[in-house]
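Trainee: Have a look at the structure that comes next, please.
Every number here is computed from the coordinates shown, using simple stated rules; none is lab data. Everything numeric in this text was worked out from a predicted model, so none of it was measured. Every residue, glycine as well, gets a Cβ built from its backbone with ideal geometry; the counts of neighbours run over all protein chains shown.
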Amino acid sequence: QHNADPQKTAFLLRKQWTLYSVTPLYGFSSAHLKHYARLLSAFTAAEKQKGLAVEVGVELDIKVTVSNIPDLKGSDRDQDAILVQLSLRSSASQKNSEEKLVWSGCFCCVSGDHLSENLPEDFTCLPLFLANGAEGYTSIVGSWFQKTFDCCFRRLAISPLNLSWMAAMWTGCQVDKTTSAMELVFSAPCLPYPLDISYAIHPEDAKALWDTVQKTPGEITQEEVDVFMDCLYSHFHRHFKIHLSATKLVKVSTAIASAHCDGIIKFLQSKYLAGVLTLLTELAISQIQ
Amino acid sequence: MDETVAEYIRRTVLKIPRDEIKMILQKWGFLSEAQLETINFHQIKDNISQDVVQLCEENSADIKQAAVLDIIYNNIYPNKRIWSVYQMNKTGEETEFFDLTDFKKKFKRLLRSALKNVTINFREYEDNAIWIRIAWGTPYTKPNQYKTSYVVYHSQTPYVFISASVLRSNLPLLCQALVVASNYQDIREMELRSHSLNSLKDIVFKRYSQNFQTYCPRPLTERNVAPETVDLRIIQENRNEKERIQRLNREVFGDGPQPKIEFAQYKLETMFKSDPKMDVLDKKEPFRCLVKFSSPHLLESLKSLAPAGMADAPLSPLLTCIPQKARNYFKIREKKGFLPGSFVSP
C-alpha cells in the first residue's frame, strides 16, 4: 500500500466525475507541465475566440494549471497522476481578482502495471481520466491532449456485470457510520412506458448477507458475486414477481462510492479511494485493449 | 395597481402556453372582450404578458382577481403539482345538506383566527369540486403569493386533494379548517400521491374499470378473430402461454385504461428466505429494504411486464392492489402464522 497523503487526494471526494479511458500518451514528460499549461491556455483562449458564447460585458480569463500528484498511484511502477485545472478569473482587476475553479481533469493509473509493462519508453501510461465540470471544457482539454500526445479518449462504460462486482465489493467494506443504504437502480427502457426500479437495502443487512456469501476474506470470486445478486433478485421476486435479472442494472450506490453505467462515479470515502481507482483503472485498460 | 400584483399577474401569464393564453383570459373574465381584442396573441409571451398587465392596470386589478387567475391556471394544469389525498370521517350516517356559504365562512374564520396574514380564494366548478387557494404569510409578513397551497374538495364525498407546497408546517392548520368547515370529525392522510389529480380522483371515486375477481371463461379463444394474412411458415411458439399471460393480466388489471400515477414505494420489513442449500443468510430479523418504482405511467408499465417476459403472470398483488387500496405508499411486514410467504400491509 502506497503511503498517500489523504489531503492531496481529498479533491476527488464527494464530486461527480465522468470517466474516460485514455490510450498511452506519446512524448509526454512530467518535466514540462508548466509548458503544457501555457500551451493549453493559449489553445483554450483560441477556442473561446472561435465563438463559444461568453457572458456579454465581463471579460473572463481562463487560467490553466497542470500539476502532478505523486500521492495518487497504486505502486511505484505507476506514473504520477496529472491534474489539470481550469479557473475563471475576471480580468477587470488583475491583482486580487477572484479565481473560480470551473473544471478539473485528472489522468491517473492506479496499479495499472500490466499495461505499462510492454510499452516503449516514449509512451506514458495514464489510462484513466476523470473529468468534473462543463462538458464544453472537457471537450477542449480532450482535443488538445489528443492532438498533442496522439492519444484517444473514450467514455468509459460500466457494464451491469462490473456494477454487480462493485455492489458486492463495496457492500463488504467496513464503514464506521452506516448511514447510506446499498442501492441498486434498474431500468427497463424498452417497455411502452419505461420503468425505473430503485432497490435500496439497509447497509447492515446487505453486509450480513454478503458476509455469509463470501467464503475467503480478502478474495472475491465471480460465483460469490452471482450468488449475492441472485439472493437479492430472488428476495425481490418473492415480493413482486418481477425478474430483476431481465432489466438493466444502471447504477450502484453505497457508502463507499456510487457508480453509473454511463461511466459516472462519485467517491465517498477516502479510505477506499485507492481500491475504487484500482478497479476503474482496470476497466479503463480493458476498454483500451 | 399594486406592484406585486402586477408582477404576479405577469408571471402567471408567462406560465401559460402561448396558444392557450386567450382562452384562459376569457375564462377569467376580468378583461372585457374589447380589451382582449387589443392584444396581439402572436407576439412573444413576454410582450403578451406586458400587455395583459397594462390592461389589468386600467381595470385596477387587486390580489383577489390575480388569485382567481392563478386558480384557473392550476385547474387547467394540475399535473404541475404533486397531490396528496386525505379522507375525512365522522360518525353518524345522515348526509347533511352541504351549505357552501357556511363552509367558506367557517373555513376562512378558522384560518384567519390562527393566521392574520393569509389570502384565501374559492372557485366552484361544475363537477361539484370546490377549489381553494391559500397563500401563506406569517404574523409579521404578508402572504407569499408564490408559496401557495391548493385544496380540491368534492363536497359529496369525504375526500380532499391537497397540494401543499413547501410550507408543510401549515398543513395541520389547513386540515383542521377543512374538518371544521365541512362538519366532519377528523381527517387522515391516505398513502396516495401523484401528479395526476384526475387519476387520483379515478382511484378514490372508483372511476376506473375495475377487475372483477370472478372466473373469466377463456373469452380469448372463443372470440371471432378476423383471420390475419400471415405467412403460414411462421409459427407462434408458446401461443398458449402468451394467451394465458394475457388472460391473467386482464383478470388482474381489468380491461380499461389504468389510472395514471408516477411512483409507488414499498418499505419492506420481511424476512430474507433462501434455499437452505445455498448456505446464506439465515437471520431471525427482517431484511430491511426500500423499493421505489417510477414511470411516466406506472400502472400501464407494470401491466406490460408479464407480456414482455420480465415478470410472472399474475403480477404480485402488492402492485396490482394499488387502485383498489387507493394507496401507493406501503409498509410490508411478514404475516405470522398460517400462510408463510404472504404479506401484510398495515
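Trainee: In percent, what relative contact order does chain B have, based on Cα pairs under 8 Å that are 6 or more apart in sequence?
Mentor: Relative contact order, chain B: 14 percent.
Trainee: Right, another one. Could you work out the relative contact order of region B:3-76? I mean the mean sequence separation of Cα pairs under 8 Å and 6+ apart, divided by the number of residues, in percent. Working shown, then result.
Mentor: Details: 51 pairs, mean separation 36.2, N = 74.
Relative contact order, region B:3-76: 49 percent.
Trainee: To the nearest 500 deg cm²/dmol, what mean residue ellipticity at 222 nm is calculated for chain B from DSSP H runs of n ≥ 4 alone, each contributing -39,500 (n - 2.57), summed and divided by the residues? Can you show the working numbers first?
Mentor: Working: 13 runs with 121 residues, N = 346.
One gets -10000 deg cm²/dmol as the mean residue ellipticity at 222 nm.
Trainee: Taking the Cβ of each residue in B:Asp312, B:Asp62, A:Asp205 as the centre, tally the other Cβ atoms inside 10 Å and list the residues starting with the fewest.
Mentor: Values: B:Asp312 16, B:Asp62 12, A:Asp205 20.
So the residues, fewest neighbours to most, are B:Asp62, B:Asp312, A:Asp205.
Trainee: Okay, next question. Given a Förster distance of 60 Å, report the FRET efficiency between A:Asp150 and B:Asn79 from their Cβ-Cβ distance, rounded to the nearest 0.05. Intermediate values should be presented prior to the final figure.
Mentor: Working: r = 53 Å, r/R0 = 0.88.
The formula returns an efficiency of 0.70 here.
Trainee: What's the average, rounded to a whole number, of partner chain beta-carbon atoms within 10 Å of each residue's beta-carbon in B:304-317? Don't skip to the answer; put the middle values down first.
Mentor: Values: counts 6, 9, 2, 2, 6, 2, 11, 9, 5, 1, 1, 3, 6, 2.
Counting other chains' Cβ atoms within 10 Å and averaging over B:304-317 gives 5.
Trainee: Helix A:222-240: angle to the longest alpha-carbon principal axis of chain A, degrees 0 to 90, nearest 10?
Mentor: Roughly 70 degrees between the two axes.
Trainee: What is the mean number of Cβ atoms from other protein chains located within 10 Å of the Cβ atom of each residue in peptide B:318-328, rounded to a whole number? Intermediate values should be presented prior to the final figure.
Mentor: On the way: counts 3, 4, 1, 0, 0, 0, 0, 0, 0, 0, 0.
Going residue by residue through B:318-328 and averaging, the value is 1.
Trainee: May I ask you to list the lysines whose Cα is less than 19 Å away from that of B:Lys242, ignoring any residue fewer than eight positions away on the same chain?
Mentor: A:Lys241, B:Lys303
Trainee: For chain A, set up a Gaussian network in which alpha carbons nearer than 10 Å are linked by springs, and say which option among A:Pro192, A:Pro203, A:Pro217 fluctuates the most.
Mentor: Residue with maximal mean-square fluctuation among A:Pro192, A:Pro203, A:Pro217: A:Pro192.
Trainee: Tell me which of A:Phe236, A:Thr44, A:Met166 sits at the most positive position along the dipole axis of chain A, charges placed on C-beta atoms (Lys, Arg +1; Asp, Glu -1).
Mentor: Of A:Phe236, A:Thr44, A:Met166, it is A:Thr44.
Trainee: With point charges of +1 on the Cβ of Lys and Arg and -1 on the Cβ of Asp and Glu, referenced to the Cα centre of region B:83-205, which listed residue (B:Ser182, B:Leu111, B:Gln145) lies farthest in the positive direction of the dipole?
Mentor: Most positive-ward Cα: B:Gln145.
Trainee: What ranking, highest mean first, results for peptides B:121-127, A:107-113 when packing means the other Cβ atoms within 10 Å averaged over each residue? Don't skip to the answer; put the middle values down first.
Mentor: Numbers: B:121-127: 12.6, A:107-113: 23.6.
Top to bottom by mean Cβ count within 10 Å: A:107-113, B:121-127.
Trainee: When you count, for each residue, the other Cβ atoms within 10 Å and take the mean per peptide, how do B:249-262, A:247-260 rank with the highest first? Walk me through the numbers on the way to the answer.
Mentor: On the way: B:249-262: 18.6, A:247-260: 22.1.
Top to bottom by mean Cβ count within 10 Å: A:247-260, B:249-262.
Trainee: Charges at C-beta only: +1 for Lys and Arg, -1 for Asp and Glu. How large is the resulting dipole of chain B about its Cα centre, in Debye rounded to 20?
Mentor: Values: 51 positive and 42 negative charges, 253 e Å.
That gives chain B a dipole magnitude of about 1220 debye.
Trainee: I want the local charge near A:Ala259. Using Cβ-Cβ distances under 15 Å, sum +1 for each Lys or Arg and -1 for each Asp or Glu among the other residues.
Mentor: Details: positive: A:Arg14, A:Lys15, A:Arg155, A:Lys248, A:Lys251, A:Lys266; negative: A:Glu183, A:Asp262, A:Glu282.
That works out to +3.
Trainee: On to the next question. Based on the mean of other Cβ atoms within 10 Å per residue, sort peptides B:139-148, B:174-183 so the most packed one is first. Please list the in-between numbers first.
Mentor: Numbers: B:139-148: 14.3, B:174-183: 19.6.
By packing density, highest mean first, the sequence is B:174-183, B:139-148.
Trainee: What relative contact order, as a whole-number percentage, does region A:157-218 give when Cα pairs under 8 Å and 6 or more residues apart are counted? Can you show the working numbers first?
Mentor: Numbers: 48 pairs, mean separation 18.9, N = 62.
Relative contact order here is 30 percent.
Trainee: Cross-link list A:Lys251/B:Lys283; B:Lys22/B:Lys260; A:Lys100/B:Lys80: which exceed 31 angstrom alpha carbon to alpha carbon? Mind showing how you got there, number by number?
Mentor: Working: A:Lys251/B:Lys283 27 Å; B:Lys22/B:Lys260 29 Å; A:Lys100/B:Lys80 36 Å.
From the list (A:Lys251/B:Lys283; B:Lys22/B:Lys260; A:Lys100/B:Lys80), the Cα-Cα distance tops 31 Å for A:Lys100/B:Lys80.
Trainee: Same structure, new question: Just flag the GluC sites (Glu not before Pro) in region A:194-266 sitting in loop per DSSP whose Cβ has no more than 11 other Cβ atoms within 10 Å. Intermediate results must be reported in sequence, preceding the final value.
Mentor: Values: sites: A:Glu204, A:Glu219, A:Glu223, A:Glu224; in loops: A:Glu219.
When the GluC sites (Glu not before Pro) of region A:194-266 are filtered for loop state and at most 11 Cβ neighbours within 10 Å, A:Glu219 remain.
Trainee: Taking only DSSP H segments of four or more residues, each worth -39500 (n - 2.57), what value at 222 nm results for chain A once the sum is divided by all its residues, to the nearest 500 deg cm²/dmol? Walk me through the numbers before you get to the answer.
Mentor: Values: 8 runs with 98 residues, N = 289.
Roughly -10500 deg cm²/dmol at 222 nm, from the helical runs in chain A.
Trainee: Next question, about the same structure. When you look at the Cβ of every residue in A:232-240, what mean number of other chain Cβ atoms sits within 10 Å? It would help to have the intermediate numbers written out before the result.
Mentor: Working: counts 3, 0, 5, 9, 3, 3, 9, 11, 13.
Counting other chains' Cβ atoms within 10 Å and averaging over A:232-240 gives 6.
Trainee: Hey, another quick one. Is there a pair in A:Lys207/A:Lys248; A:Lys266/B:Lys267; A:Lys50/A:Lys73 whose C-alpha atoms are over 30 Å apart, and which pairs would that be? Walk me through the numbers before you get to the answer.
Mentor: On the way: A:Lys207/A:Lys248 23 Å; A:Lys266/B:Lys267 26 Å; A:Lys50/A:Lys73 37 Å.
Check vs 30 Å cut-off fails for A:Lys50/A:Lys73.
Trainee: Excluding B:His297 itself, what net charge comes from residues whose Cβ is under 11 Å from its Cβ, given Lys and Arg +1 and Asp and Glu -1? Please list the in-between numbers first.
Mentor: On the way: positive: B:Lys260, B:Lys303; negative: B:Glu262, B:Glu300.
Summing Lys/Arg as +1 and Asp/Glu as -1 gives 0.
Trainee: A further question follows. Among A:Asn68, A:Asn118, A:Asn162, which one moves the most in a GNM of chain A with springs linking Cα atoms closer than 10 Å?
Mentor: Sorting by GNM fluctuation, first place goes to A:Asn118.
Trainee: Still on this structure, I have one more. When A:Cys125, A:Cys190 are ordered from fewest to most other Cβ atoms inside 10 Å of their Cβ, what list results? Numbers along the way, then the final one.
Mentor: Numbers: A:Cys125 24, A:Cys190 12.
Ascending number of Cβ neighbours within 10 Å: A:Cys190, A:Cys125.
Trainee: A follow-up question, please. Treating the angle as unsigned and between 0 and 90°, give the value, to the nearest 10°, between the Cα long axis of helix A:273-288 and the longest Cα principal axis of chain A.
Mentor: Helix A:273-288 and the main axis of chain A meet at about 80 degrees.
Trainee: Magnitude of the Cβ-charge dipole of region A:208-289, K/R +1 and D/E -1, about the Cα centre, nearest 20 debye?
Mentor: Values: 7 positive and 8 negative charges, 78 e Å.
Around 380 debye, computed over region A:208-289.
Trainee: To the nearest 20 Debye, how big is the dipole of the protein assembly as shown about its Cα centre, given +1 on the beta carbon of each Lys and Arg and -1 on that of each Asp and Glu?
Mentor: Dipole magnitude for the protein assembly as shown comes out near 1580 debye.
Trainee: May I pose another question? Report the local net charge at B:Thr38: Lys and Arg +1, Asp and Glu -1, summed over other residues whose C-beta lies under 14 Å from its C-beta. Can you show the working numbers first?
Mentor: Working: positive: B:Lys22; negative: B:Glu33, B:Glu37, B:Asp51, B:Glu57, B:Glu58.
After counting each charged neighbour, the total is -4.
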